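The values are calculated or read from the model by the stated rules, or taken from the named source; none is laboratory data. Owing to the predicted nature of the structure, the values given are computational and were not obtained by experimental measurement. Cβ sites come from the backbone with ideal geometry, for glycine too, and all protein chains shown count toward neighbours. To get the accessible areas, we keep the full protein, side chains included, count just its heavy atoms, and leave off ligands, DNA and RNA. Shrake-Rupley method; radii C 1.70, N 1.55, O 1.52, S 1.80 Å.
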Amino acid sequence: MIYMVYEEFRQKYLETQRKFDEILQEKEFLFTKTQPKSPNWDKIGENGNQVNNKFDDYLVVKESKRIDERLTEIKSILDDRERLLMLKEQELRSSKNNVDKIYKMKYVDKLNISRIVKASNYSRAQVYRILENIKKSIN
């Protein structure tokens, strides 16, 4: 059944999005350290300039953690996963399997049970049974 492969691809796509978000948060956290704050009087030099440049420190840490490289890599992976997911969704939409059709209506098209019953010509109880089996197989 195609919906099981689709669900696996969807979970991998979501996991890649979470990793992308983690790297962005890391970059954002480093960047916020560069924003103006009240001066640290212990680190003020003789001529009135701060001894440490926050932006230079940001660049050094960002480079040492390879944040830009990691972002580029994860963006590429995310794009590839999205492409795979879209291909699998097209395959799911063209499937003749009734369980795939019910899955598509419920989880991809987000239809309610009444609309699924009308579109599938199954009884309400049968649709619930199919959805219960789908939940068991994807969890």
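Brief remarks on what is shown
- Estimated distance in nm for a label pair at N53 and I138, the labels positioned 7 Å out from Cα along Cα-to-Cβ: 5.2
- The order of M86, M1 by accessible area, most exposed first and with a 1.4 Å probe, is M1, M86.
- The residue among N112, I138, N53 whose Cα reaches farthest toward the positive pole of the charge dipole of the chain, with charges on the beta-carbon of Lys, Arg, Asp and Glu, is N112.
- If you plug the beta carbon distance of A119 and E89 into 1/(1 + (r/R0)^6) with R0 = 25 Å, you get a FRET efficiency near 0.90.
- Between helix 124-138 and the chain: long-axis angle, C-alpha atoms, 0 to 90°, nearest 10: 40
- Taking 0.36 nm per residue of separation and subtracting the Cα-Cα distance, full extension of the segment from T72 to V5 would add 21.4 nm.
- Cβ-Cβ FRET estimate between Q35 and E15, R0 fixed at 35 Å, reported to 0.05: 0.65
- Degrees between helix 2-32 axis and first principal axis of the chain (Cα, 0 to 90, nearest 10): 20
- Among Q25, Q90, Q35, residue whose mean-square fluctuation peaks in a GNM of the chain (springs only between Cα atoms under 10 Å): Q35
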